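A.B. asks: Quick one: this structure, given as structure tokens, is what I'll be asking you about.
The values are calculated or read from the model by the stated rules, or taken from the named source; none is laboratory data. Owing to the predicted nature of the structure, the values given are computational and were not obtained by experimental measurement. Using ideal geometry, Cβ is built from the backbone for each residue, glycine included, and neighbour counts are taken over all protein chains shown. Side chains are part of the model used for accessible areas, which takes the heavy atoms of the whole protein and leaves out ligands, DNA and RNA. Shrake-Rupley method; radii C 1.70, N 1.55, O 1.52, S 1.80 Å.
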Amino acid sequence: MCFSEGFDDFATARVRLELVGGRPAVLVHTAAAEVGQGLVTVQAQIVRTELGVEQVTIAPADTAVGSAGSSSASRQTYMTGGAVRAACQAIRTRLLERLGRAPSTTDNDKKVPFLALEEIAELLGEGAIEETVEWRHRPTHPLDPATGQGDAHVQYAFAAHRATVDVDLELGLVKVVEIVTAQDVGKAVNPGAVAGQIQGGTAQGLGLALMEEIQVVDGKVRNPSFTDYLLPTIMDMPPMSLDVLELADPHSPYGLRGVGEPPTISSTPAVVAAIRAATGAALTRVPVRPEHIVGV
């Protein structure tokens, strides 16, 4: 998860707390790309958790704020979420200082609003508090070229799939009738989004195992059109049993682990392994075509 081997991996967040209509409100600026993973919702959740302010606006992504890095390596909730959390904690510190109270380490660990909204409004007055934080995960280091060893990675993902298939040996057709999966997510910041990402990633893995193929001959794509490029639909997905494990990572914000990509890693080989077990065919490539099964 995240960028590794000594890469300077960071994300920037600007959080502004002010009064809108006499009530505390927060505006969040980052450069993080929302690509359907639910990052906008997660940022708002983090603000509400840290500051106890209900009215939260997530501004459109803007690189003028600073970099958020790419929406890849299952890193945005970890990195941009970490930056938003750190900016909120900096605002908490300034509010407590205005209150004449020295912030303690426990202030940033509380899971409930640390001040009532009325107290926040009184401390803000006519002004606003804004903090911009460039946040980094724990350092990593390149692998030793001689031994191949080292503290190279920020975090590891753990996921497993078991697939059950029906195979028509005469026609070479495969139907996946069940997929069971377990994944350690560290902490499910948004349980519904976590389940959706695991289910969606598993659907992608099923597509890679049985349907999706770009055929290239002599450097030219031979697929006639996207009309002929098959993607899994709701009719292709079997019932899924999902076991979400929350084994917190002590180094990450809230103990979370990246979620988006691991489901695609183990779902494809699980489907292929099930077909291999059912047919005895070697099956050394994906997608599995009917001709790989017929006549085995």
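A.B. asks: Could you check the stretch 194-234 and list, in sequence order, the residues that are in contact with a strand residue (DSSP E or B) (Cβ under 7 Å, 6 or more places away or on another chain) and surrounded by 15 or more Cβ atoms within 10 Å (Cβ to Cβ)?
C.D. replies: Selection gives VAL194, ALA195, ILE198, GLN199, THR202, LEU206, LEU210.
A.B. asks: If we scan the stretch 58-65, do we find a residue that is closer than 14 Å to PRO253 by Cα, small (Gly, Ala, Ser), under 21 Å from the mean Cα position of the chain (by Cα) and not in a helix (DSSP H, G or I)?
C.D. replies: Filtering the stretch 58-65 for residues closer than 14 Å to PRO253 by Cα gives none.
No: the stretch 58-65 contains no residue that is closer than 14 Å to PRO253 by Cα, small (Gly, Ala, Ser), under 21 Å from the mean Cα position of the chain (by Cα) and not in a helix (DSSP H, G or I).
A.B. asks: Between a first residue in the stretch 28-53 that is farther than 19 Å from SER67 by Cα and buried (at least 23 other Cβ atoms within 10 Å of the Cβ) and a second residue that is modelled with pLDDT under 95 and aromatic (Phe, Trp, Tyr), which pairs have beta carbons less than 9 Å apart while being 6 or more apart in sequence or on different chains?
C.D. replies: As it stands, the answer is GLU50/PHE114; LEU51/PHE114, since those pairs meet every condition given.
A.B. asks: Here's something else I'd like to know. Going through the stretch 187-223 one residue at a time, which ones are over 13 Å from the mean Cα position of the chain (by Cα) and among the hydrophobic types (A, V, I, L, M, F, W, C)?
C.D. replies: Hits for the stretch 187-223 are ALA203, LEU206, LEU208, ALA209, LEU210, MET211, ILE214, VAL216, VAL217, VAL221.
A.B. asks: Among residues belonging to the stretch 250-296 that are part of a helix (DSSP H, G or I) and under 30 Å from CYS88 (Cα atoms), point out the one that is most open to solvent (accessible area, probe 1.4 Å). It would help to see each step written out before you state the result.
C.D. replies: Initial filter on the stretch 250-296 (part of a helix (DSSP H, G or I)): 253-255, 262-279, 290-292.
Restricting the remaining residues to those that are under 30 Å from CYS88 (Cα atoms) gives 253-255, 262.
Details: PRO253: 5, TYR254: 53, GLY255: 5, PRO262: 7 Å².
Filtering the stretch 250-296 for residues that are part of a helix (DSSP H, G or I) and under 30 Å from CYS88 (Cα atoms), the one most open to solvent (accessible area, probe 1.4 Å) comes out as TYR254.
A.B. asks: Does the stretch 59-68 include one or more residues that are under 26 Å from ALA157 (Cα atoms), touching a Lys or Arg at 6+ places or on another chain (Cβ under 7 Å) and crowded, with 20+ Cβ neighbours inside 10 Å? Let's see the steps before the verdict.
C.D. replies: Just the residues of the stretch 59-68 that are under 26 Å from ALA157 (Cα atoms), to begin with: 67-68.
Filter again for touching a Lys or Arg at 6+ places or on another chain (Cβ under 7 Å), leaving none.
Within the stretch 59-68, not a single residue is under 26 Å from ALA157 (Cα atoms), touching a Lys or Arg at 6+ places or on another chain (Cβ under 7 Å) and crowded, with 20+ Cβ neighbours inside 10 Å.
A.B. asks: Follow-up question, since we're still on this one. Does GLN183 satisfy the condition of being part of a helix (DSSP H, G or I) and modelled with pLDDT of 95 or more? Show your work before the answer.
C.D. replies: Details: part of a helix (DSSP H, G or I): no; modelled with pLDDT of 95 or more: yes.
Criteria not met by GLN183.
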